[in-house]
1. Going through Gly273, Gly277, Gly240 one at a time, which residue ends up being assigned to a strand (DSSP E or B), more than 13 Å from the ligand (Cβ to nearest atom) and of a type outside the set (Lys, Arg)?
2. Exactly one of (1) more than 14 Å from the ligand (Cβ to nearest atom); (2) assigned to a helix (DSSP H, G or I); (3) among the hydroxyl-bearing types (Ser, Thr, Tyr) is unmet by Thr181. Its number?
3. Looking at the range 432-451, which of the residues that are open to solvent by 20 Å² or more (accessible area, probe 1.4 Å) and touching a helix residue (DSSP H, G or I) at 6+ places or on another chain (Cβ under 8 Å) is nearest to Val59 (Cα to Cα)?
4. Among the candidates Pro367, Pro333, which residue alone is modelled with pLDDT under 95, open to solvent by 20 Å² or more (accessible area, probe 1.4 Å) and not hydrophobic (A, V, I, L, M, F, W, C)?
5. State all residues of the range 452-499 that are more than 20 Å from Ala544 (Cα to Cα), modelled with pLDDT under 95 and surrounded by fewer than 19 Cβ atoms within 10 Å (Cβ to Cβ); if no residue qualifies, say none.
6. So is Ser159 among the hydroxyl-bearing types (Ser, Thr, Tyr), within 15 Å of the ligand (Cβ to nearest atom) and at pLDDT below 95 or not?
7. Regarding the range 16-25, can at least one residue be identified that is among the β-branched types (Val, Ile, Thr) and in a helix (DSSP H, G or I)?
8. Sort out which residues of the range 162-178 are more than 7 Å from the ligand (Cβ to nearest atom) and open to solvent by less than 40 Å² (accessible area, probe 1.4 Å), and write them in order of number.
Amino acid sequence: MADYRAPIEEQLFVLETVAGLADLATHPGFEDATPEMAGQILEESARLAEQGFAPLNAVGDREGARLSGDEVTLPAGFAEVYRDYVAAGWNGLSADPAYGGQGLPFALSVAVQEQFTAANMAFSLCPMLSLSAIEALQAHGDEATKALYLPKLASGEWSGTMQLTEPQAGSDVGALRTTATPADDGSYWLGGQKIFITWGEHDLAENIVHFVLARLPDAPPGSKGISLFLVPKYLPDADGRPGARNDVRCIALEHKMGIHASPTCTMALGERGECVGWLIGKPHGGLAAMFTMMNHARMNVGCQGVAMAERAWQDARAYAAERIQFGPIIGHPDVRRMLMTMRSLTQAARALVYANAAAVDRAHKAPDAEARAYWKGRGDLLTPISKAWSTDIGIEVTSLAVQVHGGAGYIEETGVARHYRDVRIAAIYEGTNGIQAMDLAGRKLRLDKGAAMEALEVEMTRDVAGWPDGLCRTGMERALGHLARARAAILAHDEPGAGAAAYPFLSLCGGVIGSWLLGRQAVRAGGMLADGEGDPAFWNAKIATADFFITQRLPLALAHIDAITASPEQLLGASAFPLA
Ligand SMILES: Cc1cc2nc3c(=O)[nH]c(=O)nc-3n(C[C@H](O)[C@H](O)[C@H](O)COP(=O)(O)OP(=O)(O)OC[C@H]3O[C@@H](n4cnc5c(N)ncnc54)[C@H](O)[C@@H]3O)c2cc1C
């Protein structure tokens with residue numbers, strides 16, 4: 001397996017061309033986020049990713065997290081590298097400077113996370129969960145709670161978890177039963193059991209802050225009756241330091257297909273009747289708080305798809321150059337097809353996720369309310385596509401990496417099988433990809449009657465009209481016609497019809513938006529070539545990658561139009577098997 005090398009040149013180019021980094025740096029608070037500064041940050045984070053996180057990937061997979069009593073330990077080396085991560089301030093990159101963060105754009109933070117994830121996905125989940133916890137607390141916490149917890153979370157000294165899932169409440173979060181009973185002093189007593197809690201217990205941070213969904217005694221049934229609570233592992237003492245142990249404990253660890261170094265915990269809350277928590281946000285307002293946390297986490301999970309695809313592509317390219325069968329296998333057209341597929345899918349997914357993160361940045365920082373609302377619509381629209389489409393790509397590309405390795409790919413020593421096993425979960429957690437498709441087609445599109453999607457189509461059409469004649473432009477013009485038809489079809493479907501057409505719709509959207517963002521990069525690369533600037537090999541590869549994607553992959557995405565416009569009877573296959 002090749003050593004991981006962070007693709008800094010590519011990351012910076014996407015940040016500049018797709019996320020519009022130079023423009024982002026003109027927004028108040030983002031002045032430091034110049035392309036030069038971004039380059040320095042990515043160089044620094046790459047060093048820790050390559051030299052700290054990556055060497056622990058194999059041992060983490062082999063040994064995994066271990067439970068002894070109610071304590072979870074990680075293999076040797078994890079605690080030291082986490083300490084380095086905290087010391088360098090990586091956790092607070094995009095957190096509010098008022099609480100010790102650096103206030104840099106989310107788009108830049110996503111690029112940094114891509115590196116840590118590619119280096120070691122299981123490990124990177126620990127900080128990733130903390131970042132979502134920070135988002136939720138920043139948006140919904142009161143001042144005193146923020147002052148106490150945010151600096152510790154932003155520094156990474158304390159880590160965060162998200163506790164939603166219970167045995168009977170997976171996708172249907174509203175079915176959860178954990179209870180919260182008011183105490184006399186304004187706090188709450190929590191009681192219940194949560195399952196599948198990522199990094200729910202570990203020995204890397206001095207405290208763990210759990211964000212738990214539970215029901216108040218007067219809660220209405222379903223998702224309208226859930227509230228968010230902050231439940232620390234150690235209750236902070238008068239000086240804000242970890243004090244008495246709270247009654248929230250890990251009682252089991254799951255044995256999983258991948259991400260073995262990420263402890264997936266069953267958590268018991270209040271087994272001794274002494275689990276203390278504090279309400280975050282309004283009573284029964286847990287859903288809104290949860291969405292803040294989940295939207296953020298969903299983009300980060302989309303980024304996991306990108307990161308693992310990049311890692312797998314690097315390994316496959318290196319192996320294909322070395323392996324001799326009838327000559328170096330990299331010379332065989334079918335191997336080149338696989339490598340180009342991997343490369344173009346990875347770059348398309350990266351562009352989408354960075355564009356999504358930049359839309360979220362503009363939704364917060366754009367100067368006027370109208371612009372902020374526009375970008376919020378864009379960010380909300382892209383989030384389920386980033387999550388589902390990019391993680392599907394992560395799975396496809398890691399699977400192709402196994403294929404490029406032949407039999408060696410199926411053998412654990414090679415390391416590529418691990419990427420495939422690790423990334424598989426990304427299509428399941430943070431809302432399965434099926435739930436993302438429903439969010440896109442059933443919720444986002446219908447709530448505004450397709451307005452945000454139409455606005456995106458207008459922007460794409462305007463952009464493409466300025467492109468030079470060529471493959472990218474012709475392909476995109478056809479694609480935009482399909483997207484408009486698909487949007488209209490989803491809006492015309494009844495609810496079950498839209499549900500059945502949702503996944504094909506999401507896949508079509510991903511293909512079209514991915515093509516647009518790759519085409520945009522190719523156009524810029526063409527300009528740089530014409531001007532004689534930069535590295536011609538990089539620009540030529542950009543153009544070849546966009547051409548490949550638009551000619552080979554876009555037609556597959558567009559073929560979903562038949563499923564999207566099918567009748568509800570065809571879509572649901574109602575006559576093929578009886579529905580219970
Ligand atoms: C390794 C790992 C880590 C995790 N980490 C966390 C964590 O940190 N915190 C946390 O709270 N949870 C966590 N989870 C839980 C995870 O979020 C859930 O597993 C996920 O949301 C799916 O729920 P489920 O497993 O109950 O599947 P189910 O909800 O039972 O889904 C089964 C199938 O039915 C489909 N389905 C369900 N409802 C619908 C619907 N309405 N329409 C269409 N299709 C539907 C799903 O898409 C899926 O294909 C983790 C899980 C794992 C395995």
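The values are calculated or read from the model by the stated rules, or taken from the named source; none is laboratory data. From a predicted model like this one, the values you see are computed outputs, not experimental measurements. Cβ: placed from backbone, ideal geometry, glycine included. Neighbour counts: every protein chain shown. We work out accessible area using only protein heavy atoms, side chains counted, and drop any ligands, DNA or RNA first. Shrake-Rupley method; radii C 1.70, N 1.55, O 1.52, S 1.80 Å.
1. Gly277
2. (2)
3. Among those that are open to solvent by 20 Å² or more (accessible area, probe 1.4 Å) and touching a helix residue (DSSP H, G or I) at 6+ places or on another chain (Cβ under 8 Å), it is Gly434.
4. Answer to the selection: Pro367.
5. Matches in the range 452-499: Asp494, Glu495, Pro496, Gly499.
6. no
7. Yes: one or more hits.
8. Of everything in the range 162-178, those that are more than 7 Å from the ligand (Cβ to nearest atom) and open to solvent by less than 40 Å² (accessible area, probe 1.4 Å) turn out to be Glu166, Ala169, Val173, Gly174, Ala175, Leu176, Thr178.
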